[in-house]
Amino acid sequence: DILYELENDPHAYPFYKYINSNYFNVTINQPIDLFTINLKLENNQYLNAEEFKKDIHLMFDNCFISNDDESDIYISGRELEDVFNKLWYIYQIEQKQENSN
């Protein structure tokens, strides 16, 4: 489970719940966090895996827009994004294997 792996990564703490730090005086129009993504999964609000992926990328994009690129949160976002990208790659391979059987 990709979300489980992300939530349990050491870099995930800042992404559990959205906090508007407004460091750069940037307004985040679509705030999203791991808690909200988890709720959407539990409530079957994603029609497909691509919608889930879109929310994950939105979470990282929000992080990169609203934090200084040398801040701990920004760096944690990059680390967690790398974890997600690796997990997503594995997921895609598994889906292709399932579809070819």
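The values are calculated or read from the model by the stated rules, or taken from the named source; none is laboratory data. Being a predicted model, the structure only gives us computed values, none of them experimental. Note that we place each Cβ from the backbone using ideal geometry, even for glycine, and neighbour counts take in every protein chain shown. What goes into the accessible areas is simple: the full protein's heavy atoms, side chains included, and nothing from ligands, DNA or RNA. Shrake-Rupley method; radii C 1.70, N 1.55, O 1.52, S 1.80 Å.
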Pairs only if they're at least six apart or on different chains, beta carbon under 8 angstrom, first in segment 46-60 and more than 21 Å from Tyr74 (Cβ to Cβ), second in a loop (DSSP other than H, G, I, E, B) and modelled with pLDDT of 95 or more; list them, first residue then second.
Phe52/Tyr46
Within segment 65-78, track down each residue that is within 23 Å of Gln92 (Cβ to Cβ) and open to solvent by less than 80 Å² (accessible area, probe 1.4 Å).
Gly77
For the structure I just gave you, tell me whether Glu94 is without any contact (Cβ under 8 Å) to a residue 24 or more places away in the chain and part of a helix (DSSP H, G or I).
yes
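Among the candidates Asp82, Asp69, Asp61, single out the residue that is out of contact with any Cys (no Cβ under 9 Å at 6 or more places or on another chain) and in a loop (DSSP other than H, G, I, E, B).
Asp69
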Select, from Lys54, Lys17, the only residue that is open to solvent by 80 Å² or more (accessible area, probe 1.4 Å), among the charged types (D, E, K, R) and more than 22 Å from Ile90 (Cα to Cα).
Lys17
List, please: which pairs have Cβ atoms under 8 Å, are six or more places apart or on different chains, and start with a residue in segment 27-40 that is under 15 Å from Glu7 (Cα atoms) and touching a residue at least 60 places away in the same chain (Cβ under 8 Å) and end with one that is assigned to a helix (DSSP H, G or I) and small (Gly, Ala, Ser)?
none
Report yes if some residue within segment 6-13 is open to solvent by 90 Å² or more (accessible area, probe 1.4 Å), in contact with a Ser or Thr (Cβ under 8 Å, 6 or more places away or on another chain) and either in contact (Cβ under 8 Å) with a residue 12 or more places away in the chain or in a helix (DSSP H, G or I) (or both); otherwise report no.
yes
